[in-house]
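Remarks on the structure that follows.
The values are calculated or read from the model by the stated rules, or taken from the named source; none is laboratory data. Predicted model only: the values in this text are computed from it and were never measured. Virtual Cβ from ideal backbone geometry, glycine too; neighbours counted across all protein chains shown. The area values use the complete protein model at the heavy-atom level, side chains included, leaving out ligands, DNA and RNA. Shrake-Rupley method; radii C 1.70, N 1.55, O 1.52, S 1.80 Å.
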Amino acid sequence: MLLRRCVPFAAALFLLLPTGEVRAQSDQDRAVARSLATQGAEAFTSGRFEESIDLLGRAEAVVHAPTHLLLIARAQMRLGRFVAAKETYLKIVREELPPTAPSPFKKAQQDAREELAAVDPRIASLRIALEGAAGRKIVVKLNGQPVAEALLGVHRPIDPGNYVVTVVPPGLSPIEQALTLGDGERKELKIPVPESPAMAPSPDGSGQGQGTWSGGPGEVPPVGPPGSPERKTNVLMLGGGIAAAALGLGGIVVGSVFLAKGGATQQEANDLSAANRCESPSGVGASCGPLVQNRIKRLDADAASHQTTGTVNLITGGVLLAGGATLIVLELTSKPEPSSSAWIAPYVTPTGLGVRGAF
């Protein structure tokens, strides 16, 4: 449910006032900016916040006005882009307006100063720390966007929401980890990075020998064909499969609980809205005041957070359960062939996984 806070049209008219002599613009520039600002204000009132930011940004590019920036900041707040909203508010607050500035500009600056105080408590903080990555070129992405090396190991302001951190060590498959940040939440994410793959040389130095792919620091499993005494190390494969399946089942249970909680919270919000006629066709009910609207908005946000957490847990749990079942089946159904001169087998250790064999 999207709770819209309507902006009085009279307030939007501030965008139509002349900009004075802040810059030397032509009449045509002012007319274009006025038209774009009007469209942006209408889009904001209709809840089309992305469109509103685009239109008002274009108007600001033609003619500067604090009123443009104020409405952009409010639209960013509605979209949950608190970091960007704070920067926009700061631009307004830090501007030195001349004594002759239009009163709407002065009011926009005062409103920005008051609204800015409510932004910081909603900005989350995230620290991404890589363990075992010293001296290595490792690519880190956040929701598909590269993370600068200078931002690793330190807390950075970030908008609340769902994220996927991807770590790509050289020569290894990407490591992905999902997380959810709530309003004002401070979280630290530590990701162990396994060693890069290495090939053990053959006794004759030809390089055609036994290959080792280590999934963990310093882990080199015993080399031997399936059926040899070293075959007992694959007991860890069975144990790893059971552990992964158990974790997956737990993730599914937790996900189901969060989805149920999200549904109940959403129903509470809907019931509160209906009881106070907040969505009445004839207009907002008399009992639907700011306190009720804020309560509904909080319930909506909580419901969305619970449902997102539930979905992430269900997906992660399903993947772990399927992976664990696969490991168990592979181990229980594997048939060693000692007479074969070439062999390959997966392995799992407490610090990683990989394959070993002789070629």
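Would you mention how many residues in region 124-181 are in a loop (DSSP other than H, G, I, E, B), among the polar types (S, T, N, Q) and either at negative phi or open to solvent by less than 70 Å² (accessible area, probe 1.4 Å) (or both)?
If we filter region 124-181 for residues that are in a loop (DSSP other than H, G, I, E, B), which is where we start, we get 132-138, 143-144, 147-148, 152-154, 159-160, 169-174.
Among the residues that remain, those that are also among the polar types (S, T, N, Q) are: 143, 173.
Within this subset, residues satisfying the condition of being either at negative phi or open to solvent by less than 70 Å² (accessible area, probe 1.4 Å) (or both) are 173.
Adding up the residues that qualify gives 1.
Open to solvent by less than 20 Å² (accessible area, probe 1.4 Å), more than 34 Å from the chain's Cα centre (by Cα) and either among the β-branched types (V, I, T) or modelled with pLDDT of 95 or more (or both): which single residue out of T19, T67 fits that description?
Of T19, T67, the one residue that is open to solvent by less than 20 Å² (accessible area, probe 1.4 Å), more than 34 Å from the chain's Cα centre (by Cα) and either among the β-branched types (V, I, T) or modelled with pLDDT of 95 or more (or both) is T19.
Given (1) open to solvent by less than 30 Å² (accessible area, probe 1.4 Å); (2) more than 30 Å from V167 (Cα to Cα); (3) in a helix (DSSP H, G or I), identify the lone condition not met by A85.
(2)
What do you reckon, is A117 of a type in the set (G, A, S) and open to solvent by 70 Å² or more (accessible area, probe 1.4 Å)?
It is true that A117 is of a type in the set (G, A, S) and open to solvent by 70 Å² or more (accessible area, probe 1.4 Å).
Look through V7, V32 and report the one residue that is among the aliphatic types (A, V, I, L, M) and either over 30 Å from T265 (Cβ atoms) or at pLDDT 95 or above (or both).
V32
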